[in-house]
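Have a look at the structure below before the remarks.
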There are 2 protein chains.
Amino acid sequence: MSAPFDQLKYNADGLIPAIVQDHASGEVLMMAWMNPEALKRTLETKKATYWSRSRQSFWVKGETSGHVQKVHSVSIDCDLDTILLKVEQTGAACHENYRSCFFRDVAEDGSLSVNETPKL
Amino acid sequence: MSAPFDQLKYNADGLIPAIVQDHASGEVLMMAWMNPEALKRTLETKKATYWSRSRQSFWVKGETSGHVQKVHSVSIDCDLDTILLKVEQTGAACHENYRSCFFRDVAEDGSLSVNETPKL
C-alpha cells in the first residue's frame with residue numbers, strides 16, 4: 001500500500017464507503033465499501049471492486065451477474081472518509097434488478113413505497 | 001419512534017449513512033449520518049438534519065452557515081441501510097466552500113488533485 005492511500009480515513013473495520021453514481025445520468029446507483037486494496041484494484045483495473053462485509057472477501061461488481069461498473073472517476077470528500085465513483089453501469093446496479101438500489105421512498109410516517117426507478 | 005422506522009438498519013453506533021444529492025443537477029454533494037430521530041426530523045421539517053459524530057449532537061445543515069438543504073425526497077436502498085436525500089442546496093454544501101464535498105479526484109497512484117467542482 002503506497003503512502004497516498006494512507007491519508008484516506010478508514011473506519012474501525014478498515015473500510016471506507018463508496019457512493020456509486022452513473023457518470024452520464026447522474027443517478028445514484030448504490031453504496032458499497034472498500035478497503036485500501038479494493039480502492040487500489042478499482043483504480044488500476046477501472047472495474048469497481050469492493051470489500052463484501054457479509055462474505056469478507058473482495059467483490060468485483062458484476063463478476064457473476066455481468067452487471068459490471070466501468071469506472072470513469074474516483075473522488076474523495078473534504079474529510080477524506082467517503083469516496084464517490086462515477087461509473088458506466090451495465091444493466092442493473094441492484095441485485096433486485098432495479099437500475100438503482102434506491103428504488104423505494106420513505107414517507108413522513110416512515111412507510112416505504114416503490115418509486116419510479118426503472119426495473120430492468 | 002414509530003414502527004416503520006424500526007425496519008431500517010442502523011450500524012453499531014445506531015446510525016445510517018445519508019447520501020445527499022442536488023435534486024436538480026444530480027450532483028452528489030456530501031454524505032452525513034442520521035439516527036432515527038434525525039431522519040424523523042428531516043421528514044417532518046423538510047430541512048436536512050443529521051447526527052454529528054464529532055459533536056454528538058443533532059445538526060440542522062445550514063443552521064449557522066445559512067447553507068440549508070430543503071429536502072425534496074428521501075429514498076432507501078435495497079438493504080435498508082443507506083439513505084439518499086435529494087435536496088435543494090443553498091450555497092455550498094462543503095464547509096470548505098466548494099459546492100460539493102467531493103472536490104478532489106484520486107489518481108491511480110492514490111494522489112489527490114482538485115477537480116472542477118465549483119468553489120463559491
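Some notes on this structure:
- Residues (within 10 Å of chain A (Cβ to nearest Cβ) and open to solvent by 30 Å² or more (accessible area, probe 1.4 Å)) located in region B:27-37: B:27
- Where a residue in region A:71-98 is within 16 Å of residue B:100 (Cβ to Cβ) and more than 8 Å from every other protein chain (Cβ to nearest Cβ) and its partner, wherever it lies, is assigned to a loop (DSSP other than H, G, I, E, B) and of a type in the set (D, E, K, R), with Cβ under 7 Å and at least six apart: A:80/A:9; A:81/A:9
- Total residues in region B:54-91 satisfying the condition of being in a strand (DSSP E or B), within 17 Å of residue B:23 (Cβ to Cβ) and hydroxyl-bearing (Ser, Thr, Tyr): the figure is 2.
- Residue in region A:65-73 that is open to solvent by less than 30 Å² (accessible area, probe 1.4 Å) and not hydroxyl-bearing (Ser, Thr, Tyr) present: yes
- Subset of region A:99-120 [part of a loop (DSSP other than H, G, I, E, B), farther than 19 Å from residue A:50 by Cα and within 10 Å of chain B (Cβ to nearest Cβ)]: A:103, A:107, A:108, A:109, A:110, A:111, A:115, A:117
- Annotation: of all residues in region B:9-26 being crowded, with 19+ Cβ neighbours inside 10 Å and more than 7 Å from every other protein chain (Cβ to nearest Cβ), the one that is farthest from residue B:67 (Cα to Cα) is B:16.
- Test for residue B:50: is it of a type in the set (Phe, Trp, Tyr) and within 12 Å of chain A (Cβ to nearest Cβ): no
- Residue A:45, sole failed condition from (1) within 11 Å of chain B (Cβ to nearest Cβ); (2) open to solvent by less than 10 Å² (accessible area, probe 1.4 Å); (3) of a type in the set (S, T, N, Q): (2)
The values are calculated or read from the model by the stated rules, or taken from the named source; none is laboratory data. Predicted model, so just to flag it, every value in this text is computed and none were measured. Every residue, glycine among them, receives a Cβ derived from its backbone with ideal geometry; neighbour counts consider all protein chains shown. Quick note on the areas: whole protein, heavy atoms, side chains included, nothing else; ligands and nucleic acids left out. Shrake-Rupley method; radii C 1.70, N 1.55, O 1.52, S 1.80 Å.
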